[in-house]
Amino acid sequence: MTEQHKSVYPVSEAFKKRALIDRAKYDEMYEQSVKDPETFWGEHGKRIDWIKPYTKVKNTTYDYDNLSIKWFEDGELNASANCLDRHLEKRGDKTAIIFEGDEPSVSRHVTYRELHAETCKFANVLKTLGVSKGDVVTIYMPMIVETAVAMLACARIGAIHSVVFGGFSPEALGARIQNGQSRFVITADEGVRGGRTIPLKKNVDKALQSDRVPDVERVIVVTRTGSDVPWNEDRDARYEDLMKSASADCPPEPMNAEDPLFMLYTSGSTGAPKGVLHTTGGYLVYAAMTHEYVFDYHEGDVYWCTADFGWITGHSYILYGPLANGAITVLFEGVPNYPDASRMGQVVDKHKINVLYTAPTAIRALMAKGDDCMANTSRESLHLLGSVGEPINPEAWEWYYRVIGNSKCPIVDTWWQTETGGILISPLPGAIDLKPGSATLPFFGIQPAVVDNDGNVLEGATEGNLVMLDSWPGQMRTIYGDHERFKQTYFSTYKGRYFTGDGVRRDEDGYYWITGRVDDVLNVSGHRLGTAEVESALVSHDKVAEAAVVGYPHEIKGQGIYVYVTLIQGEQPSDELRKELIQWVRQEIGPIASPDVIQWAPGLPKTRSGKIMRRILRKIASNEHDQLGDTSTLADPGVVDELIQHREFK
Ligand code: ATP
Ligand code: MG
């Protein structure tokens, strides 16, 4: 690794002054949280309002045959009441959501009182249409205020929402509706993203035409663009019409802590997506608490998470966490590069955003455009940055820090999963010194461990598979409709432990570095290499924008290293550059990591949530592109065809 990437960024003076948690406090709270989780969570569970207080806190075991994950199990609460009603007195007329439209001229503030009224009305609409407690409601929507309303309205009456990202195809949507046996769909006539319209209602109709999706009774359509859309009088209803006569009085349904709040599919990076089920009490406590401490949230801070409601980040850190904390949360309809690459900076300046939480894919895309893309924006209001979704290459981290954050904002690199409900490993910005590329240390109550392939727990500075030794309140409870798959996927590899599927390195300071998916680990002449390190070395070359590394069968080494490289704008591929990059990696990591094949890639295959899909790249590299597996979560199939056509034969 280069010197630069070994650097440490101590807790900044500015953060020390304002921080909720300093290092001593972190150490003290962490110790209590793992030594005495009963007392710790018993206390912190009270951060939200309970209709009936819990008397039991933790009832969990990872023992395979008796697997049980229950938190606050005799308590009753309502998630929507926690996000809305309890704020009315103190901050009813304060902003809950700042909506920023796809077009830069469009934005509006929604107060807690307004959001509460709209949610209650829509909850009554849902009841009138026959939705009851425990029903699964599919939400296939753009990023608009009504989507938040729909989710909260479901929570209010105890319906289980299943949000499907608005960029998914009719087939992918149909499969999710069917898997959840959902009888209700909420959608919009069209979505608008990056200046283009997305035919949401048409996609719903197509999805419902399939014989496999027979049971949908009602489709509720929000008007976003007002375009003409096909209409089925018996089934479809306009949101605006239904809302006209709806009452704004809707008492929240008391829910048991272990009643489902929502189901949501994983991104599909490693295989067929899993329908993750989260329950009410533990999830909400955990989402709210992590939101407050990881983002060091103070009343009045303007907080922007750029994720989509279609992913867990949108659930926990645009909606539930922030609103449970009475925060101001920004809801962005568009994309970071529309109308141009300065949009993110523009939005930050316009709303005086203090905390920005985004993904490495967005950072790398902006970085490839050069520093100028932020030139006309100041971003002075920012005081904290966050990253989630993939390992952030140290080079991208430094760029994010220096250019977006004006070299004054700490970056919280948050590691977590759809399955975990909230952030598990991340710096707390007032407590933990930062190292670019490391998610650093566990959150309260989280007990990560590194195990070898036989499941032995490794101590000290080491590398291996990342597992969790004990449960936390935000943990998923099951895969919807398939508890056996849940046990198999997460608890059978290493008995008695939750297996994350990720590889990890722990350094001499106890910091965790995610090395990539365990499935993607390379084994070159008997040496195990994580994808993240090799990719980061490539990205640190100034002509490289993005890189993906996979193994392919190699006669001598067992596995060879096949590299896909996207160059930054304006750079041309050449044989010299190829040699230069091979040399670069040898020098940065060592001869063992030397790439065998470099393929120039105009783009990389990504999930619709923006993550590199190495399993597809592996198939291309191994010349098995007739067996790509589940491609429903692939954002742009054209990228794959292009790579297959220009595959480098060796
Ligand atoms: P699938 O489970 O369907 O293959 P997925 O794992 O991409 O898809 P998500 O739940 O959206 O679905 O993503 C969680 C994964 O994302 C983690 O297991 C990890 O591999 C990666 N990840 C998330 N945040 C980080 C981070 N800060 N650093 C490194 N990796 C991260
Ligand atoms: Mg996963």
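The values are calculated or read from the model by the stated rules, or taken from the named source; none is laboratory data. Please read all numbers here as calculations on a predicted model, not as lab measurements. FYI the Cβ positions are ideal-geometry reconstructions off the backbone, even for glycines, and counts take in every protein chain you see. Note: areas computed on protein heavy atoms with side chains; ligands, DNA, RNA excluded. Shrake-Rupley method; radii C 1.70, N 1.55, O 1.52, S 1.80 Å.
Here are some notes:
- Matching helices (runs of 4 or more DSSP H) fully within segment 1-113 where at least 2 residues are closer than 21 Å to residue 288 by Cα and at pLDDT 95 or above: 23-35, 37-44, 79-83, 88-91
- When segment 399-415 is filtered for residues that are within 13 Å of ligand 1 (Cβ to nearest atom) and either farther than 21 Å from residue 533 by Cβ or assigned to a strand (DSSP E or B) (or both), the ones remaining, listed by number, are 411, 412, 413, 415.
- Strands (runs of 3 or more DSSP E) contained in segment 226-285 and holding at least 3 residues closer than 21 Å to residue 80 by Cα and either in contact with a Pro (Cβ under 9 Å, 6 or more places away or on another chain) or within 16 Å of ligand 1 (Cβ to nearest atom) (or both): 260-265, 275-279
- In segment 401-418, the residues that are among the charged types (D, E, K, R) and either within 20 Å of the chain's Cα centre (by Cα) or open to solvent by less than 10 Å² (accessible area, probe 1.4 Å) (or both): 413
- Of all residues assigned to segment 589-610, at least one qualifies as being among the basic types (Lys, Arg) and either touching a Leu at 6+ places or on another chain (Cβ under 9 Å) or within 28 Å of residue 418 (Cα to Cα) (or both).
- Selection of strands (runs of 3 or more DSSP E) fully inside segment 172-213 by the criterion of at least 2 residues being farther than 20 Å from residue 263 by Cβ returns 191-193, 196-198.
- Residue among 517, 586, 578, 615 that is surrounded by 18 or more Cβ atoms within 10 Å (Cβ to Cβ) and free of Cβ contacts under 8 Å to residues at least 40 places away in the same chain: 578
- Among the candidates 331, 319, the residue that is closer than 30 Å to residue 50 by Cβ, at pLDDT 95 or above and not in a helix (DSSP H, G or I) is uniquely 331.
- In the set (1) more than 22 Å from residue 623 (Cβ to Cβ); (2) open to solvent by 30 Å² or more (accessible area, probe 1.4 Å); (3) of a type outside the set (Asp, Glu); (4) modelled with pLDDT under 95, residue 530 fails one condition alone, (2).
- Matching residues in segment 121-135 - criterion: being assigned to a helix (DSSP H, G or I) and touching a helix residue (DSSP H, G or I) at 6+ places or on another chain (Cβ under 7 Å): 121, 122, 123, 125, 126, 127
- Among the residues of segment 104-141, just one is more than 27 Å from residue 325 (Cβ to Cβ) and without any contact (Cβ under 8 Å) to a residue 24 or more places away in the chain, namely 105.
- Screening residue 94 against (1) closer than 27 Å to residue 348 by Cβ; (2) loosely packed, with under 14 Cβ neighbours inside 10 Å leaves a single unmet condition, (2).
- Among (1) open to solvent by 20 Å² or more (accessible area, probe 1.4 Å); (2) part of a loop (DSSP other than H, G, I, E, B); (3) under 30 Å from residue 274 (Cβ atoms), the one test that residue 142 misses: (1)
- Filtered by the rule that a residue be of a type in the set (Gly, Ala, Ser) and either assigned to a helix (DSSP H, G or I) or open to solvent by less than 60 Å² (accessible area, probe 1.4 Å) (or both), segment 472-485 gives a lone residue, 474.
- Note on segment 431-471: residues that are within 18 Å of the chain's Cα centre (by Cα) and either under 17 Å from residue 497 (Cβ atoms) or open to solvent by 10 Å² or more (accessible area, probe 1.4 Å) (or both) total 2.
- A single entry from 137, 163 fulfils the requirement of being farther than 26 Å from residue 245 by Cβ and in contact with a strand residue (DSSP E or B) (Cβ under 9 Å, 6 or more places away or on another chain): 163.
- Taking the conditions (1) of a type in the set (A, V, I, L, M); (2) within 16 Å of ligand 2 (Cβ to nearest atom); (3) open to solvent by 40 Å² or more (accessible area, probe 1.4 Å) in turn, residue 242 satisfies each one other than (2).
- Pick from segment 486-514, criterion within 15 Å of ligand 2 (Cβ to nearest atom) and either in a loop (DSSP other than H, G, I, E, B) or β-branched (Val, Ile, Thr) (or both), ranking: surrounded by the most Cβ atoms within 10 Å (Cβ to Cβ): 504
- Qualifying positions in segment 508-529 - touching a helix residue (DSSP H, G or I) at 6+ places or on another chain (Cβ under 8 Å) and small (Gly, Ala, Ser): 516, 525
- Top-ranked residue of segment 154-209 - restricted to ones that are basic (Lys, Arg) and open to solvent by 10 Å² or more (accessible area, probe 1.4 Å), ranked as nearest to residue 130 (Cα to Cα): 183
- For segment 286-316, filtering for residues that are surrounded by fewer than 24 Cβ atoms within 10 Å (Cβ to Cβ) and part of a strand (DSSP E or B) leaves 1.
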